[in-house]
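Accompanying notes for the structure given below.
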Amino acid sequence: MKKNSFMQGAFIATLGIVLSKILGIVYVIPFYAIIGEQGGALYGYAYSIYSIFLSISQAGIPLAISKIVSEYNVLGYYNVKRRTFQLGKKVLSILGIICFLIMFIFAKGVAILIIGNVTGGNTIEDVTFVVRVISFAILVVPLLSIYRGYLQGHKFISPTSISQVLEQIIRVIVIVLGSYLTLKVFHLSLTTTVGVAVFSATVGALVSYFYLVYMTKKNRKALEKETMKVVEPQITNKEIIEKILIYAFPFIMIDVFKSLINSIDVFMLVKVLVNGIGYTAEQAEAVMSVVSTWGHKINMIIASIATGLMVSLIPNLTASFVKKDMDDVSKKINQTLQWLLFFTIPMTFGLSVLAKPVWTIFYGVSTFGPSVYQYYVFVALATTLFTASVTILQLLKEYKRVFICMLTGLLTNAILNIPLLYAFDHVGLPAYYGSTTATILGYGVCSYLALHYIGKKYKISYEDTIKRVLNIFLTTIAMVIILLGIRYLIPFTSTNRFINILYVLLFSAIGVSIYFAIMFKSKLIFDIFGKKNVENIMKKIRKR
């Protein structure tokens with residue numbers, strides 16, 4: 001196990017998260033074919049409750065531990081660093097047990113809130129069963145998150161990325177194979193089948209946890225190596241726990257903010273489309289399903305780019321900030337923005353062009369799906385920039401400014417949502433594009449305010465980044481024009497999944513070739529990643 005540089009860590013973490021997200025999307029196709037809509041609804045009920053606890057344990061805690069461990073390691077506070085790790089495990093073990101008991105004991109009450117007096121589908125007993133089954137994962141996931149944060153704080157990115165992929169692989173195998181055997185071979189009930197599927201969260205987390213425990217013990221010398229001698233200050237356990245919670249809270253709030261932005265659409269979109277614009281309830285809910293669920297799943301591929309970069313950025317930027325090396329802080333911030341947009345801009349535009357065949361591959365033929373998604377995909381681009389800018393602001397300990405930026409973005413979306421729905425309908429465009437535009441503007445305003453404040457307070461110039469991003473955008477436009485021309489000659493007409501996969505592979509290969517050909521020709525790729533780094537990567541590719 002070797003420490004990873006910022007660039008290596010960013011690449012490894014991003015690759016691991018992208019692979020995990022792709023696995024998490026692909027399994028939906030066979031899984032839904034096995035359990036159908038009713039089983040899918042039951043599965044969703046369990047995960048909707050579980051995700052609340054999952055976001056707390058995975059969104060904030062590992063990043064907080066990563067930041068604190070990195071900080072104490074740089075300062076030479078090795079005893080405090082070790083205590084942080086042990087205290088984190090104890091606190092989250094207790095938190096996991098409490099959350100498990102809440103979910104298990106109050107599962108029936110939760111089921112009543114979800115189902116109410118609705119009959120003809122899943123029953124209260126069905127929902128109670130699956131919520132209780134998935135609650136066991138809460139006993140493992142918090143501990144897993146501590147180990148990930150501890151290793152990331154030492155800049156060991158590879159094991160945590162491998163653990164994520166490993167967890168997802170085990171989870172997908174249990175979901176698909178387990179549900180198939182339970183329902184089709186052993187002919188057990190649909191409820192039992194979904195119970196097996198949701199238990200995959202526990203199995204995947206356990207395998208990943210034992211892998212990280214093994215890697216931590218195997219590399220204990222490297223993790224506990226002391227390179228400097230300093231007099232450590234007296235830091236109490238209470239202070240360490242408070243620091244973990246203070247660092248974790250803004251990360252959790254970022255996820256809460258994203259949920260609130262999505263909830264604005266949930267509360268407004270269907271009602272306005274039906275009552276104000278004239279859509280039928282069926283049409284409005286079809287649009288809503290793309291925005292809240294299906295389109296969001298595909299967008300996770302793009303969003304994972306930002307997540308991977310943040311995993312590597314946190315310990316590296318923290319170390320530079322603690323050393324007060326502001327030149328390096330500026331360099332890393334600009335690198336992060338350039339690398340992020342280098343990948344996400346062409347991916348977003350490419351998915352927009354390929355919206356129809358991509359949608360058909362995942363979800364089959366749909367009246368509203370491709371139309372809604374070809375514009376909704378740009379929410380993913382806005383989300384990645386938001387995640388990066390707000391995370392950077394938080395790493396610089398500008399907590400107050402984080403909340404100001406997020407609140408402003410949330411209000412922007414809330415205020416503009418309904419007016420833009422009517423405005424788009426008035427000019428003859430699909431009304432639901434107005435809601436998506438409001439969401440993009442909400443994220444965009446927040447990102448702008450965060451980056452503007454960082455640049456102003458810390459004297460960070462974005463001049464080179466703006467020029468390079470403009471060139472990335474122009475290169476992407478050239479790619480899109482060529483792809484649209486080819487699409488005109490070879491239109492998307494087939495409803496066959498296999499044919500659409502061939503379409504997507506062909507257009508993706510052409511798009512990637514065009515994009516990188518222009519990048520190499522203009523030498524922009526060397527400016528962004530460094531000529532030596534690019535040449536080393538190319539040598540490795542040629543060898544393989």
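Observations
- When residues of the stretch 201-237 are limited to those that are among the hydroxyl-bearing types (Ser, Thr, Tyr) and either more than 15 Å from Tyr150 (Cβ to Cβ) or outside the structural domain of Val74 (by TED's automatic domain parsing) (or both), the one nearest to the chain's Cα centre (by Cα): Thr202
- Residue pairs whose Cβ atoms lie under 6 Å apart, separated by 6 or more positions or on different chains, with the first residue in the stretch 120-136 and under 19 Å from Phe100 (Cα atoms) and the second at pLDDT 80 or above and part of a loop (DSSP other than H, G, I, E, B), are Val133/Phe199.
- Matching option when the condition is part of a helix (DSSP H, G or I), in contact with an Asp or Glu (Cβ under 9 Å, 6 or more places away or on another chain) and in the same structural domain as Thr360 (by TED's automatic domain parsing), among Thr475, Thr439, Thr465: Thr439
- For the stretch 318-426, the helices (runs of 4 or more DSSP H) that sit wholly inside it and include 3 or more residues that are among the hydrophobic types (A, V, I, L, M, F, W, C) are 326-353, 355-363, 378-395, 399-426.
- Out of Val377, Val365, Val402, Val353, sole residue that is within 21 Å of the chain's Cα centre (by Cα), under 30 Å from Ala33 (Cα atoms) and assigned by TED's automatic domain parsing to the domain that holds Gly444: Val377
- For the stretch 167-185, the count of residues that are touching a residue at least 24 places away in the same chain (Cβ under 8 Å), closer than 18 Å to Tyr47 by Cα, buried (at least 24 other Cβ atoms within 10 Å of the Cβ) and more than 22 Å from the chain's Cα centre (by Cα) is nonzero.
- Only residues that are of a type in the set (D, E, K, R) and either surrounded by 19 or more Cβ atoms within 10 Å (Cβ to Cβ) or over 28 Å from Asp327 (Cβ atoms) (or both) were counted across the stretch 407-462, and they come to 1.
Yes/no per residue for (1) under 22 Å from Leu92 (Cβ atoms); (2) part of a helix (DSSP H, G or I):
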position: Ser179; (1), (2): no, yes
position: Thr182; (1), (2): no, yes
position: Leu212; (1), (2): yes, yes
position: Glu232; (1), (2): no, no
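- Just one of (1) surrounded by 11 or more Cβ atoms within 10 Å (Cβ to Cβ); (2) not in a loop (DSSP other than H, G, I, E, B) fails for Lys532. It is (1).
- Number of the condition not met by Leu151 [criteria: (1) in contact with a Lys or Arg (Cβ under 9 Å, 6 or more places away or on another chain); (2) buried (at least 17 other Cβ atoms within 10 Å of the Cβ)]: (1)
- Single unsatisfied condition, Lys225 versus (1) farther than 22 Å from Phe31 by Cα; (2) part of a helix (DSSP H, G or I): (2)
- Residue match in the stretch 492-505 (condition: touching a Ser or Thr at 6+ places or on another chain (Cβ under 7 Å), part of a helix (DSSP H, G or I) and over 19 Å from Tyr373 (Cβ atoms)): no
- Restricting Leu410, Leu420 to residues that are in contact (Cβ under 8 Å) with a residue 60 or more places away in the chain and of a type outside the set (Phe, Trp, Tyr) narrows the list to Leu410.
- Here is the figure for the stretch 210-258: residues that are exposed (fewer than 12 other Cβ atoms within 10 Å of the Cβ), at pLDDT below 70 and charged (D, E, K, R) total 1.
- Flag if Thr160 is free of Cβ contacts under 8 Å to residues at least 24 places away in the same chain and surrounded by 20 or more Cβ atoms within 10 Å (Cβ to Cβ): no
The values are calculated or read from the model by the stated rules, or taken from the named source; none is laboratory data. Small disclaimer: the values here were computed from a predicted structure and weren't measured. Glycine gets a Cβ as well: all are built from the backbone with ideal geometry, and neighbour counts include every protein chain shown.
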